[in-house]
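Worksheet for the structure shown next.
The values are calculated or read from the model by the stated rules, or taken from the named source; none is laboratory data. Since the structure is predicted, the reported quantities are computational estimates derived from the model, not experimental observations. Because the Cβ atoms are built from the backbone with ideal geometry, glycine has one as well, and the counts that use them run over all protein chains shown.
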Amino acid sequence: MRLYFIDGHNLILSTARLSDRLAHQGKRASRDEAEALILRWAEREGDVRAHLYFDGEDHPEGHPGNRDEGPLSVRFTDPPAEADDRIVFDASREAGAGEKVYVVTGDGGIRNRLIGHKIEFVDTTGFLQILTASVPEKGKEERFSEGERAALTEEMIAHAAEEEEKEEGGSAEAEPAPPGPSRPATGGRPARRRVPPALCPAPPVRPAGPDREAKRESYRKRMQKRLERRGGGKRGKTRKKRRGY
């Protein structure tokens, strides 16, 4: 069993997450969050017993904040005793009994008072990182039951398999044909694609029947009359000369 003796006020004041909670919501909110994080972490670890200490006020019947919940023990000291005194006393006693003891604090005074004891010290910032990394926020993993998580996992696997099949089928159908001869693009325009002669439509052929010959004859007659009006087949004078300018 590993025993952790935690300096509560030092943990709150020396870590950004808890100190922000203290500044915006007060002492009670910051203590509640610290207790919740430590409790969930200790429950998950299994072989941990955490003792959390705070400086308290004088209460004849004991501080109302003292409690024991699972692997967590919360204690508020009675004046004139301070949390530092209680941590040093309890940690040195358990270490002397052969227990594996860890003290979580950034206070150099506590460290100096425990020199000579088989105690390992943990920095408060590193300890909070352990708490937040090891213990997810409450409710994030409790939204789905085991059966629902298994069904969601199967659905995600099936969806991934369908997407993979679509990609493989699309790549096979969209395989490009071998490119034919084309001119290089010039002037920023794309190269024109040459169409094989066999695919080019043939131009329409006009039939040379009697109707076409009749139209040609009518055209020749109209042109002949136009030339006769202009002067016997010669090119007529210009408009200025005819009017005498």
From Gly8, Gly26, grab the single residue that is assigned by TED's automatic domain parsing to the domain that holds Ile110 and over 14 Å from Thr105 (Cβ atoms).
Gly26
Residues of the range 101-121 being in contact with a helix residue (DSSP H, G or I) (Cβ under 7 Å, 6 or more places away or on another chain) and of a type in the set (Asp, Glu), which ones?
Asp107
Of residues in the range 67-81 being part of a loop (DSSP other than H, G, I, E, B) and modelled with pLDDT of 90 or more, the one farthest from Glu120 (Cα to Cα):
Gly70
Given the conditions (1) modelled with pLDDT under 90; (2) farther than 19 Å from Ala36 by Cα, which single one is not true for Ala133?
(2)
Out of all the residues in the range 32-46, is one or more part of a loop (DSSP other than H, G, I, E, B) and not small (Gly, Ala, Ser)?
no
Just wondering, is there one or more residues in the range 95-112 that are charged (D, E, K, R), assigned by TED's automatic domain parsing to the domain that holds Leu52 and farther than 25 Å from Leu37 by Cβ?
no
